[in-house]
Amino acid sequence: MPVYPILALDLQLTADPWDFALAERQRIDAHWVTLTAANPGLWNGEVLMCSKVTLADGEFCARFIRSDFASLVAWRDWGLQATDAFNVFGSAVVVSADGGLLYGRMAAHTLNAGRIYPPGGSLEPADVTADGKVDVLGSIERELAEETGLDVKDAEQGGFLAVFDDQRRVAIAQLLRYPHSSAHLARKVRDYLDSEDNPELAGVEMISRRSQIDTTMPGFAQELACHLLPG
């Protein structure tokens, strides 16, 4: 699962349909009913799936199509990585002054309950600008604020990394370096979570060594930690 530096972004929405979602609509809907029966807190909103990804000479180019969260989840759950689609999303890599990475632990009411990974989320139609560009930076800023209460403007905004994992999932990760210790950052986010009625995160973990990596982290989160942290 390699990590590559990104020097330029070319992200565009197309009018193309997602053939999988059209062909499997009834089965997708039935799958979603089963999921929501077990977890009524799930919500099926519009998302952007990716139909094409290239990375050449540091330029990350992706073409997106409109779909819904239920279709994305079914595609993931059924192991359909061989189909012509990718899940491309923004990821906020929060780095403390002492080099720790702030990862969030997903709350019980979310689809990925108990999993630990950087703040971020699916791209949405709201992330598309008037000229059809997909604003992944805006998505990162929004998701970081919603999940942790942190503001990207308080960080030194670093470069971007493309993190490919083996499930056709691609994180566009932005490095955000905050002038606070790991303990201060963790306390700040926990205070925010305590103030929220229904936070997306159950808590946060500060990851400072590769030895802290475990299977509660999806592949891209493990790969980021390996890439950025000492052994």
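The values are calculated or read from the model by the stated rules, or taken from the named source; none is laboratory data. Since the model is a prediction, treat every value here as computed from it, not as a measurement. All Cβ positions, even for glycine, are placed from backbone atoms using ideal geometry, and neighbour counts span all protein chains on display. The protein model used for the area step is the full one, side chains on, heavy atoms only, and it has no ligands, DNA or RNA in it. Shrake-Rupley method; radii C 1.70, N 1.55, O 1.52, S 1.80 Å.
Against the numbered list (1) in a helix (DSSP H, G or I); (2) in contact with a strand residue (DSSP E or B) (Cβ under 8 Å, 6 or more places away or on another chain), A173 comes up short only at (1). In the condition set (1) touching a residue at least 60 places away in the same chain (Cβ under 8 Å); (2) out of contact with any helix residue (DSSP H, G or I) (no Cβ under 7 Å at 6 or more places or on another chain); (3) assigned to a loop (DSSP other than H, G, I, E, B), D131 is compliant with all but (1). Has segment 29-43 got any residue that is in contact (Cβ under 8 Å) with a residue 40 or more places away in the chain and among the β-branched types (V, I, T)? No, segment 29-43 contains no residue that is in contact (Cβ under 8 Å) with a residue 40 or more places away in the chain and among the β-branched types (V, I, T). Close Cβ contacts (under 6 Å, 6 or more residues apart or on different chains) running from residues in segment 87-104 that are under 14 Å from A221 (Cα atoms) to residues that are open to solvent by 10 Å² or more (accessible area, probe 1.4 Å) and in a loop (DSSP other than H, G, I, E, B) comprise G100/S208. Scanning segment 120-169 for residues that are open to solvent by 70 Å² or more (accessible area, probe 1.4 Å), modelled with pLDDT under 95 and under 14 Å from the mean Cα position of the chain (by Cα) yields a single hit, Q167.
Scan segment 208-222 for residues that are open to solvent by 50 Å² or more (accessible area, probe 1.4 Å) and assigned to a helix (DSSP H, G or I) and jot them down. R210, S211, Q212, Q222, listed by residue number. Residues that are open to solvent by 40 Å² or more (accessible area, probe 1.4 Å) and closer than 28 Å to L48 by Cβ: does segment 179-191 have at least one? No: zero hits. Looking across segment 90-122, the residues that are in contact with an Asp or Glu (Cβ under 9 Å, 6 or more places away or on another chain), of a type outside the set (S, T, N, Q) and within 28 Å of Q26 (Cβ to Cβ) come down to H109, G121. Select from segment 44-67 the residues that are without any contact (Cβ under 8 Å) to a residue 40 or more places away in the chain and farther than 17 Å from G132 by Cβ and list them in ascending order. Once the filter is applied, which keeps residues that are without any contact (Cβ under 8 Å) to a residue 40 or more places away in the chain and farther than 17 Å from G132 by Cβ, segment 44-67 yields N44, T54, A56. Check L48, L42, L72 and return the single one that is closer than 20 Å to G121 by Cβ and part of a loop (DSSP other than H, G, I, E, B). After applying the criteria, what remains is L42. From the list T54, T34, T83, the lone residue that is assigned to a loop (DSSP other than H, G, I, E, B) and among the β-branched types (V, I, T) is T83. Of the numbered criteria (1) within 30 Å of R187 (Cα to Cα); (2) open to solvent by 50 Å² or more (accessible area, probe 1.4 Å); (3) part of a strand (DSSP E or B), the one A92 fails is (2). So for segment 196-203 (the condition being of a type outside the set (F, W, Y), touching a helix residue (DSSP H, G or I) at 6+ places or on another chain (Cβ under 7 Å), within 15 Å of V93 (Cα to Cα) and at pLDDT 95 or above), does at least one residue qualify? Checked against the condition, which is being of a type outside the set (F, W, Y), touching a helix residue (DSSP H, G or I) at 6+ places or on another chain (Cβ under 7 Å), within 15 Å of V93 (Cα to Cα) and at pLDDT 95 or above, segment 196-203 yields no hits at all. Report, by residue number, each residue of segment 15-46 that is in contact with an Asp or Glu (Cβ under 9 Å, 6 or more places away or on another chain) and either loosely packed, with under 11 Cβ neighbours inside 10 Å or of a type in the set (A, V, I, L, M) (or both). Listed by number, the residues that qualify are A21, I28, L35.
Residues in segment 99-113 that are of a type outside the set (K, R) and either surrounded by 16 or more Cβ atoms within 10 Å (Cβ to Cβ) or closer than 21 Å to V163 by Cβ (or both): G99, G100, L101, L102, Y103, G104, M106, A107, T110, L111, N112. Would you confirm whether any residue within segment 53-69 is within 30 Å of S211 (Cβ to Cβ) and open to solvent by less than 40 Å² (accessible area, probe 1.4 Å)? Checked against the condition, which is being within 30 Å of S211 (Cβ to Cβ) and open to solvent by less than 40 Å² (accessible area, probe 1.4 Å), segment 53-69 yields no hits at all.
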